[in-house]
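Data first, discussion second: the structure below is written as structure tokens.
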Amino acid sequence: MRTTLAGVLLLAAASPCAANGAVATGDRTVRATDRSDLRRMVGRVSEECGLDPRLVDALVRVESDYDPRAVSRKGAMGLMQLMPETARRLEVDDPFDPEENVRGGTRELSRLVDRYAGNLQLALAAYNAGEGAVAQHSGIPPYTETRNYVARILSLYTGRPYSLGGAYRAAPVRLLRGPEGAAVITNVASDGRLSAAADSPLAGGPLRGGFGLAK
């Protein structure tokens, strides 16, 4: 169940995303054959992994335009464009299997969101350019490809134009925990300013949900 209030999205806790594709309600396998099937599968897997389906949908649209057979010039494969070494680390046996690829990719994106404490800009930059590049530049790397990549995904995700401007560090979206434990994901401080909320006493962990107005 999700409730949206003025740019703040409240999400119920999601079940963990299993590496082998198993879910708590039973063994389900989707063999997606067309774009609508693929989008439904992406939405289901994203929710099982605790990520906002619209975020993963935006990433897939930018990475492969929903072509499960896509291969980049650098050798990245499938819907979420997994590099061979990444696929091996994530135990993805067939990167061209749509659901296996998306399960691996969502686990990787979830790990990066955790690592960067809910900062979607840095998580997406690391997904594209690597964690080493983010560390080297102490923020979003000054690569045109990576900066355009982050801006495109966040534009699709939020439904409005998104620009990084001249800054390599953009105000991050954060996850806060309310007094009753509800997840509140926002980039707006209590005084209405854009804020990382890094010093908030409610800061309770990584972003695993969404941001923006539900459509």
Sole exception among (1) at pLDDT 85 or above; (2) over 17 Å from LEU109 (Cβ atoms) for PRO53, by number = (2)
Residue selected from the range 150-170 under the condition at pLDDT 85 or above and of a type in the set (D, E, K, R), by the criterion nearest to the chain's Cα centre (by Cα) = ARG152
query = All but one of (1) of a type in the set (Ser, Thr, Tyr); (2) at negative phi; (3) touching a residue at least 24 places away in the same chain (Cβ under 8 Å) hold for THR86; which doesn't?
reply = (3)
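The values are calculated or read from the model by the stated rules, or taken from the named source; none is laboratory data. Predicted model only: the values in this text are computed from it and were never measured. So basically every Cβ, Gly included, is an ideal-geometry build from the backbone, and we count neighbours across all protein chains shown.
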